[in-house]
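Scroll down for the structure; my scribbles are underneath it.
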Amino acid sequence: MPEDEKEEYRQAYEAWTKHVQDLHGVLLDGQRLEPPKLKGLLNREARAKERYDAARRKLLGLSD
């Protein structure tokens, strides 16, 4: 398994989990955000999840 694929996966996972934690702050812990900031947070989490999913598929040898 190439090191660059491992690193890509690690970075994608860390970025996604950071955005999930931020989102949990709003959804579970009552942190308040203005609607445009909430929309941005949701979009960042969704894009990070897509990057993570792509890196995971690549690491597992699965095609898109």
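Is segment 27-37 home to any residue that is part of a helix (DSSP H, G or I) and among the small types (Gly, Ala, Ser)?
No, that holds for no residue.
Could we say that Leu28 is exposed (fewer than 11 other Cβ atoms within 10 Å of the Cβ) and closer than 29 Å to Glu5 by Cβ here?
Considered against the rule, which asks whether it is exposed (fewer than 11 other Cβ atoms within 10 Å of the Cβ) and closer than 29 Å to Glu5 by Cβ, Leu28 comes out as no.
Can you report the number of residues in segment 14-38 which are within 15 Å of the chain's Cα centre (by Cα) and of a type in the set (Lys, Arg)?
1
Do any residues in segment 14-36 that are touching a residue at least 24 places away in the same chain (Cβ under 8 Å) and under 21 Å from Arg51 (Cβ atoms) have Cβ atoms under 6 Å from those of residues that are surrounded by 14 or more Cβ atoms within 10 Å (Cβ to Cβ) and not aliphatic (A, V, I, L, M), where the two are at least six apart or on different chains, and which pairs are they?
From segment 14-36, the pairs are Trp16/Lys49; Trp16/Tyr52; His19/Arg44; His19/Glu45.
Quick one: Ala54 ticks every box in (1) out of contact with any Gly (no Cβ under 9 Å at 6 or more places or on another chain); (2) surrounded by 13 or more Cβ atoms within 10 Å (Cβ to Cβ); (3) in a loop (DSSP other than H, G, I, E, B) bar one, so which box is it?
The failed condition is (3).
Rule-based calculations on the coordinates, nothing more; no lab input. Computed from a predicted model, the values in this text were never measured in an experiment. A quick note on method: Cβ atoms are made from the backbone with ideal geometry, for glycine too, and the neighbour counts reach across all protein chains shown.
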